[in-house]
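S.K.: Can you read through this structure? Questions will come right after.
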Amino acid sequence: MNKAMSSTLAANLPDEAAPAKNAAATPAQAQPKARPAADEIGVASTLLDGSMQQAGTQTLLRGLAILEAAAAGVRDLRSFGAVLGTTRSTTHRLVSSLVQARYLRQVQGGYLLGPKLIELGTIALEQMPLTAVARPHLQALADETLDTIHLGVRDGDDVLYIDKIPGQRGLEMRSRVGHRMPLASTGIGKAMMLDLAPQSWRDLFDASRRTLAGVSFRPDHSLEPDTFLKRMATYSAGGYTFDLEENEISIRCVAAPVRDASGAIVAALSVASTIPYMPLERMDELIPVVQREARAISQELGWRAPQPTTRRIRR
């Protein structure tokens, strides 16, 4: 929920929940009561219960809108009030309650998200294992492409495959859940290297060559360091990677990184198949498809796409 959404939500909510008025009230009837009987005011008691629930929902939604606004950069009471459409006193009451509950923290210059959200976020991540979160997106990718789908995480200088959906073309690959391969020799591994510095790319490339020293590659697929580094620079700029038979002869793949709430790459997924089903033209077409599912998984892990920044003009 951004500022515009918060404003729309708040605009549909009254500023304060007003008590029901009885037009026929007399001084005698004006004595304080815990709750008027339904027949005294001519409405069903369930409607009264619903009114109370609506007021509680209103407060809850306003509190959530404040948190969303704080996440979007709102810092002071006046701005919170503008987002919610509430009076200063109502805004102060809601913000103070959130501070007391540690959902917000007050600092010099305003308010920031509080430590309670970090605690809840950590628990939420623990309750959403990566494979469980990713599986529906992997399946969607498998259904759309008919190819083999992999999900992997980094383990030292290797990629560790943690999920795999076999393709529907009758092909079989040596990869399996629990299988490990050098990062720099696989598309899915290179996707987890995209944020690293070029020197780290070179170090992982050298580590991969040492590990695979006994594996036979066709000469045109045994890359030289400069070629590898140039390709990695292209991949890093585009947010994807290719495996052009660098790991297994006749196997090509398209991969993309998965990020967590901090923006760090924590996993990667790939679509893989044999050359007849993976010409370079199709690989290019698959880039946005693979990136789409990688982004969807990332968003479920708390990642948010960077927002374009606007330059302030001095007055």
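What follows draws every value from the coordinates through simple rules; no lab data is involved. Predicted model, so just to flag it, every value in this text is computed and none were measured. Heads up, the Cβs are rebuilt from the backbone with ideal geometry, glycines too, and the neighbour counts pull from every protein chain shown.
S.K.: Determine by what factor the alpha-carbon radius of gyration of the range 128-300 differs from 2.2 N^0.38 Å, reporting the quotient.
M.R.: 0.94
S.K.: Okay, moving on. Would you calculate the separation in nanometres between label points at R93 and A305, each defined as 7 Å from the Cα along the Cα-to-beta-carbon direction?
M.R.: Result: 3.9 nm between the two label points.
S.K.: So if I place +1 on the C-beta of Lys and Arg and -1 on the C-beta of Asp and Glu, and nothing else carries charge, what would the dipole magnitude of the range 128-300 be about its Cα centre? I want it in debye, nearest 20.
M.R.: Charge dipole of the range 128-300: 180 debye, to the nearest 20.
S.K.: Next question. Quote the FRET efficiency, to the nearest 0.05, computed for A213 versus I275 with a Förster distance R0 of 25 Å and r equal to the Cβ-Cβ distance.
M.R.: Using R0 = 25 Å, I get an efficiency of 0.50.
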